[in-house]
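Just below is one structure, and these are the notes that go with it.
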Amino acid sequence: MITRMTSLFRQFRRREEGHVSTEFAIMVPILLVTLVSAVELGVMTLRYSMLERSLDIVVRDIRLNTGYNPDHDDMITRICDEATMIPDCNNNLKLEMVALDPRAWDGIPQNTICTDQSLEAQPVTTFTHGIQNELMVLRACAKVAPLFPTTGLGANFATDDAGDFALVVTNAFVQEPR
């Protein structure tokens, strides 16, 4: 019995049929995960760039004192109009604007406040309009869901309980004198 098993194993080892199928079965999942991760990275980079650009456009109007002195909701609307790649932007975007004193520098606060769709009550952010020559920091946090949340790069994002991850953009500016 043992010799028969040994001879069958030797015959199996000598055969070359199916070696392409074995390589295919090993390599295709790796290639697919790489492809899916590349698409995920491209979409997230595009979303981040769109959010950053839209925040820059809105901040430019505020900084130059063009007469545009928006409140929180107006800014979200303008940013979302520019950032077309952020899904459900008006509900998934939080803004925080604070004044900082450059002479008593403590740094920009590191705790970013974002929306969390798994909670009923959303966190409150600080939103203070600055005065002339005051250093202001405006931070936008948009929550978006990965395209492929269970595969490759999408599975490695730090997500909240709703499965969304944060795109955080920060912009600092000084209010120009009138």
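The values are calculated or read from the model by the stated rules, or taken from the named source; none is laboratory data. Remember, predicted model here, so these are calculated numbers, not experimental data. Note that we place each Cβ from the backbone using ideal geometry, even for glycine, and neighbour counts take in every protein chain shown.
In region 10-24 there is no residue matching the filter, namely being at pLDDT 90 or above and farther than 18 Å from residue 147 by Cα.
Assess whether residue 145 counts as being without any contact (Cβ under 8 Å) to a residue 40 or more places away in the chain, within 13 Å of the chain's Cα centre (by Cα) and over 16 Å from residue 76 (Cα atoms).
No, not satisfied.
All of (1) surrounded by 14 or more Cβ atoms within 10 Å (Cβ to Cβ); (2) farther than 27 Å from residue 152 by Cα; (3) in contact with a strand residue (DSSP E or B) (Cβ under 8 Å, 6 or more places away or on another chain) hold for residue 61 with one exception: (3).
Matching residues to (1) within 27 Å of residue 166 (Cα to Cα); (2) surrounded by 10 or more Cβ atoms within 10 Å (Cβ to Cβ); (3) of a type outside the set (Phe, Trp, Tyr):
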| site | (1), (2), (3) |
| --- | --- |
| 5 | no, no, yes |
| 13 | no, no, yes |
| 19 | no, no, yes |
| 28 | no, yes, yes |
| 37 | yes, yes, yes |
| 42 | yes, yes, yes |
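Restricting 159, 151, 115 to those that are among the polar types (S, T, N, Q), modelled with pLDDT of 65 or more, out of contact with any helix residue (DSSP H, G or I) (no Cβ under 9 Å at 6 or more places or on another chain) and surrounded by 13 or more Cβ atoms within 10 Å (Cβ to Cβ) reduces the list to 159. Kindly indicate whether any position in region 74-86 is farther than 27 Å from residue 167 by Cα and in a loop (DSSP other than H, G, I, E, B). No, because not a single residue in region 74-86 is farther than 27 Å from residue 167 by Cα and in a loop (DSSP other than H, G, I, E, B). A single entry from 47, 60 fulfils the requirement of being at pLDDT 90 or above and either assigned to a helix (DSSP H, G or I) or closer than 16 Å to residue 169 by Cβ (or both): 47.
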